[in-house]
Amino acid sequence: MRVAVLGDTRIAGPDGAWRAVGGPGVRALLALLAMDAGVPVAPERLIDLLYGPDAPGNAVAALQSQVSRLRREVKPLGGDVEFGPAGYRLTVPPEHVDAVEFDALAVRGRAALASGDDVTAARLLGEALELWRGPALADVGDARFAAGRAARLADRRLGAECDRVEAWLRLGRYTDAADRMRDVTAEHPLHERSWGLLIRALHGGGRTADALTAYRELRTNLAERLGSDPSPALVDLHRAVLRGELPSGAETPVNRTGLPAQLTSFVGRDAELETVSSMLERERLVTLTGPGGTGKTRLAIEAVNRYPRDSCFVDLTPLTEPEQLPVAVIQALGVRDTFSLRNGPRWDPSEATMALSAALADRDLLLVLDNAEHVVEAVADLVNRLLTGLPRLRVLVTSREALAVTGETLCPVPGLEMPPPGADVTVAGESGTVRLFAERAAAVSPGFRITPDNLDPVVRICRALDGLPLAIELAAARTRSMSPADIVRRLGEERFGLLSRGSRTAAPRHQTLRAVVAWSWDLLEEPERRLARRFTVFSGGADVAAVSAVCDESEPEAWDLLTTLVDKSFLEHHDGRYRMLETIHRFCAERLEAAGEAGRFRDRHVAYFLGLAEEADPLLRGRDQLRWAERLRRESGNLGAAIATVTATRDAARSLRLVSALTWYWWTTGQRGQGATYCRRLLRWLPVGSPPGLRDEYLLCLLNALALEAPDPALQSHVAGVGPVIDIEAGVWPGNPVVMVMWSMLVGPPQGVAVDDLGRRLTVYQEAGADSWALAVTHLGMAYACMYGGSLDEAEREFDIARAEFEAVGDRWGHGNALAGLATVAARRGAVDRFRELIDGAVRLMEQMGAVEERAELSCDVAELLLRTGEYPAAAELFGEAERLTRDHASVEGRVRAKRGLGEIARVSGDLDAAERLLGEALDASLEGWFFTGLARANVLVAWGRTALDRGDPVVARSRHRRAWRLMADRRVDQPGLADVVLGVAACDLAEDRPRRAAALLAVAGRLHSMPETRDVERERLEQRVRAALSPEEFEAATARGRDLDQAELDEWITADG
């Protein structure tokens, strides 16, 4: 795990993906422990540093709650918060905390500077400063410790900035130094070292007048703000500039032969420019590689502009024969008459090479060979000869293919940086892709800027074009006559036709997007073209085994061809997978269609990934489930493409087999929404009724489709025609236990199916030799049936059996659900500590699975208990966490429960408008037809009724409670919500001056409550008010009446108008 605090607080796991940390309290605790990584911090010190004098009364409990939440954040990423005799310790290596890493790099850089190793110093200090993403501890500023530590880190950052500029000055990088110090002095107008460096940089770059102006500006700042003069050192520096006693870079100008002047700004490549500059300081041969249009040439030009010594730029695009190469370099250098031209106007290649070597002898030169891919072998040979014989020569090459010579250092040039998902205009506008689009669009359409209205289509354009600068510039040029939204639509229809009008002065192969790719295609051999076009059936990349099986190549042949295509920048390779940029993909897909191979290889693709899904399905419920879930996650694009193919070809059998095999993966890894979308599309054309032999597959498809929203008209016929899923008398029972699990999630305990029926089914499974997972699921179903029937002892026993069996087979999802069931039993018995222990265990298991929906619902379980007991701040934080988890995932129940909880928090805080809004959103999101979401909807109505009563409207409140009662009564389960409805009606009776009936209903609520041992602040407050309205004798008499109230009378009291 890695932790970042130099900016907003983030964490990353082994995959390197940075994640935000939820809740300001959790972020502050993480930052505090991270900066003391590996060192225990005593609880009392943590409380002091986090809260100071404003510590809550139960500060230890609040700290423990924050620690528990932090553990849930870091454990899935390989971290932990350990507690020992000395206190709490974050188990992360110190070097994995960016603040610690920054300090270490800065110290090493300062040491290199002191020893005179300026190149190493500049590199190390640059790496240190690149770790900063904004002000340190930016999102934990309210924590007591934050201000002091952030200030100290900012001071060290300023010192590193100055040290790096000192190294640049020694290396002659005056322009870079001046640009950076201008920014630094603007931010720190009284920092004298920064002003001194700025003055030296300006003078060293030949801008003596600007250096003197900078000194006057500093003197004015000091006089006006501090009433002081510059230090003696700065006075001496000023005097040295006036007298010309400092060396000036203007005296020895750098000669950059042939370097093209640029007419547009350089956008979005700061990190890559630093990397290339650093490489050129250390290495003698650097090759920038990447597909056409990534901006290799422009990056090379900018790197040469920063290079402090002479250079010569040679464009190899016009060459048609390898023999022309040495002549082109000689001509670029301006070498003439060195040797006799025995062959007339043409140089002999060997003579030209000799002449070139002689011309470059003893020269300290950077030779830039641009666009080398079509003469790569000749370039490799020439460069090898020159570097061997000319020790002071350095070479920078741009090519779509590496030279593959000894001593070559490769620098792949990727697409420009994309904005993070969900970024606003400010954040997105800082990304390279969006900045480039905005600047180039403004050039052809004055006044164009990124706004909230056009941000989404602009980001979609940049993503669709893989961040390729050339493609983005071509798209931006279209804003003269098209909106970004129009461009997005056209990109999907005719990408190459749309991006066909580039600069007339550009090389022909850079004037259109098609020409860029066609140039690379023409350089491929036929076997390479064959694999490139067949590779386009993949979506999201593939490993070599899949490529071999689908593309009809032996594995050794596939390895060789894939390696060659990576070398030629047609494919990218990362972490064992090969990927093709979308623009190249579109071009090669056209070639697949033209070759008449599309249908055959799409069919092979479906067969391969159907086989993979069916192989993975049972293994997702066992000990290797994480490995198989990760494998399917990596292939999510291909699995989606396979579903799209069978949908397009109306292949009913393979469609149902695919969604059936993927159902458990979708449901246990936070991807239910994706599954529902696929299945709804399938059911729009599938005939009503299951095909022969595919009943369970058909049921799973339907259940997926219905999980997230009510049936639309297109699905109603499927719902009507499905028949009973379970019919005990007719012997109808799903053969696949997954059907039973999903059906129970949607409709609750099956109507007419008692615990004894489930017990008989368990016997059938055992006699049939069913696997252990099916037996464990049946025990889980029996446990819930017992719990909803009010038999907590039997429920606990069955949950524990299910827990043990799920643990034995290694299924974390089942194990976590069994723990959650045991936690509910504990809560209903008032064992709050046991409840939290079990919930924490369930959360850890669900986090390992990536089961976002279950994590959200578990957070709601804890938050609802906290809400009931009156611990509102802690409840609000957990409800907020659940709402964030469900925002981008299809968890209807979790979303409804989270918004309902936040609405209740707003109500008890007195913000009734916010409560109404949140509860209205919860009600809109809920599904009335399904079991658990129906219960969640009923609980929303209870909270909505309480809000109406708080507004002084008992009539509306009673109506809402009545609707909730009907929803709960229809489900015939033992739920805390039943008692909540009764309490709500009792509150209405009290508001309408019927305290005796309110007291009677209080007694009924106590009888119905499934959590009698757990504190309920709503009940306590209501009881206090009712007792205040009655004498003790009246209260006791009314309570006795409530205890004797039968079900029919209770229904009448609840459903009456008042």
| note | Going through the range 473-502 in order, the residues found to be closer than 19 Å to LEU416 by Cβ and at pLDDT below 80 are LEU491, ARG495, LEU499, GLY502
| query | Out of all the residues in the range 787-802, which are in contact with a helix residue (DSSP H, G or I) (Cβ under 7 Å, 6 or more places away or on another chain), surrounded by 17 or more Cβ atoms within 10 Å (Cβ to Cβ) and over 19 Å from TRP664 (Cβ atoms)? | reply | MET787, LEU792, ALA795, GLU796, GLU798, PHE799, ASP800, ILE801
| So, in the range 76-112, of the ones that are of a type in the set (Gly, Ala, Ser), within 28 Å of the chain's Cα centre (by Cα) and not in a helix (DSSP H, G or I), which residue ends up nearest to LEU63 (Cα to Cα)? | GLY79
| message | I need every pair where a residue in the range 646-669 that is closer than 14 Å to LEU703 by Cα has its Cβ under 6 Å from the Cβ of a residue that is of a type in the set (Val, Ile, Thr), sequence separation at least 6 or different chains. | response | TRP664/VAL738
| said: Looking at TYR88, TYR51 in this structure, which one is of a type in the set (Phe, Trp, Tyr), free of Cβ contacts under 8 Å to residues at least 60 places away in the same chain and more than 22 Å from ARG156 (Cβ to Cβ)? | reply: TYR88
| field | Some residue of the range 116-130 being at pLDDT below 85, of a type outside the set (A, V, I, L, M) and surrounded by fewer than 17 Cβ atoms within 10 Å (Cβ to Cβ) | value | yes
| said: Could you check the range 885-921 and list, in sequence order, the residues that are at pLDDT below 85, out of contact with any Phe, Trp or Tyr (no Cβ under 6 Å at 6 or more places or on another chain) and buried (at least 22 other Cβ atoms within 10 Å of the Cβ)? | reply: LEU885, THR886, SER891, VAL892, GLY894
| message | Out of PRO85, PRO56, PRO43, I need the residue that is surrounded by fewer than 17 Cβ atoms within 10 Å (Cβ to Cβ), at pLDDT below 85 and farther than 23 Å from VAL832 by Cβ. Which one? | response | PRO85
| said: Going residue by residue through the range 600-610, is there one that turns out to be free of Cβ contacts under 8 Å to residues at least 24 places away in the same chain, surrounded by fewer than 17 Cβ atoms within 10 Å (Cβ to Cβ) and charged (D, E, K, R)? | reply: yes
| task | Among the helices (runs of 4 or more DSSP H) lying completely within the range 539-628, list those that include at least 2 residues that are within 19 Å of TRP666 (Cα to Cα), in contact with a helix residue (DSSP H, G or I) (Cβ under 8 Å, 6 or more places away or on another chain) and not assigned by TED's automatic domain parsing to the domain that holds ASP466. | result | 598-619
| Inter-residue pairs, beta-carbon under 9 Å, first touching a residue at least 24 places away in the same chain (Cβ under 8 Å) and basic (Lys, Arg) and in the range 681-698, second loosely packed, with under 15 Cβ neighbours inside 10 Å and in a helix (DSSP H, G or I), 6+ apart | ARG684/ALA714
| request: Counting only residues that are charged (D, E, K, R) and in the same structural domain as ASP103 (by TED's automatic domain parsing), give me the helices (runs of 4 or more DSSP H) lying completely in the range 146-241 with at least 1 of them. | output: 146-171
| task | Would you check which residues across the range 9-35 are surrounded by fewer than 18 Cβ atoms within 10 Å (Cβ to Cβ) and on the phi < 0 side of the Ramachandran plot and list them? | result | ALA12, GLY13, PRO14, ASP15, ALA17, TRP18, ARG19, ALA20, PRO24
| query | Restricting the search to the range 868-889, which residues are among the small types (Gly, Ala, Ser) and over 19 Å from the mean Cα position of the chain (by Cα)? | reply | GLY870, ALA874, ALA875, ALA876
| request: Among what's in the range 550-589 and is of a type in the set (D, E, K, R) and within 32 Å of the chain's Cα centre (by Cα), pick the residue that is nearest to GLY467 (Cα to Cα). | output: GLU582
| field | Test for GLY258: is it of a type in the set (Gly, Ala, Ser) and out of contact with any Phe, Trp or Tyr (no Cβ under 7 Å at 6 or more places or on another chain) | value | no
| request: Within the range 225-246, count every residue that is at pLDDT below 80 and in contact with a helix residue (DSSP H, G or I) (Cβ under 7 Å, 6 or more places away or on another chain). | output: 1
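Let's see how each residue does on (1) out of contact with any helix residue (DSSP H, G or I) (no Cβ under 9 Å at 6 or more places or on another chain); (2) without any contact (Cβ under 8 Å) to a residue 40 or more places away in the chain; (3) surrounded by fewer than 23 Cβ atoms within 10 Å (Cβ to Cβ):
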{"residue": "ARG829", "(1), (2), (3)": "no, no, yes"}
{"residue": "LEU838", "(1), (2), (3)": "no, yes, no"}
{"residue": "GLY841", "(1), (2), (3)": "no, yes, yes"}
{"residue": "CYS860", "(1), (2), (3)": "no, no, no"}
{"residue": "ALA863", "(1), (2), (3)": "no, yes, no"}
{"residue": "LEU867", "(1), (2), (3)": "no, yes, no"}
{"residue": "GLU883", "(1), (2), (3)": "no, yes, yes"}
| remark: Just one listed residue, out of ALA201, ALA147, ALA136, ALA178, is surrounded by 19 or more Cβ atoms within 10 Å (Cβ to Cβ) and under 30 Å from LEU29 (Cβ atoms), and it is ALA136
| query | When you scan the range 344-462 for helices (runs of 4 or more DSSP H) that lie fully inside it, which ones turn up with 3 or more residues that are out of contact with any helix residue (DSSP H, G or I) (no Cβ under 6 Å at 6 or more places or on another chain), within 30 Å of GLY334 (Cβ to Cβ) and at pLDDT below 85? | reply | 349-360
| query | Can you pull out the residues in the range 451-486 that are hydrophobic (A, V, I, L, M, F, W, C) and in contact (Cβ under 8 Å) with a residue 40 or more places away in the chain? | reply | VAL459, CYS462, ALA464, LEU465, LEU468, LEU470, ALA471, ILE472, ALA476
| said: Go through the range 20-75 and report how many residues are among the small types (Gly, Ala, Ser) and in a helix (DSSP H, G or I). | reply: 10
| Looking at this structure, is ASP210 closer than 30 Å to ARG298 by Cβ, among the charged types (D, E, K, R), surrounded by 14 or more Cβ atoms within 10 Å (Cβ to Cβ) and modelled with pLDDT of 85 or more? | yes
| task | Report whether or not VAL267 is closer than 20 Å to LEU403 by Cβ and either outside any helix (DSSP H, G or I) or in contact (Cβ under 8 Å) with a residue 24 or more places away in the chain (or both). | result | no
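The values are calculated or read from the model by the stated rules, or taken from the named source; none is laboratory data. Worth saying up front: this structure is predicted, and the values here are computed from it rather than measured. Using ideal geometry, Cβ is built from the backbone for each residue, glycine included, and neighbour counts are taken over all protein chains shown.
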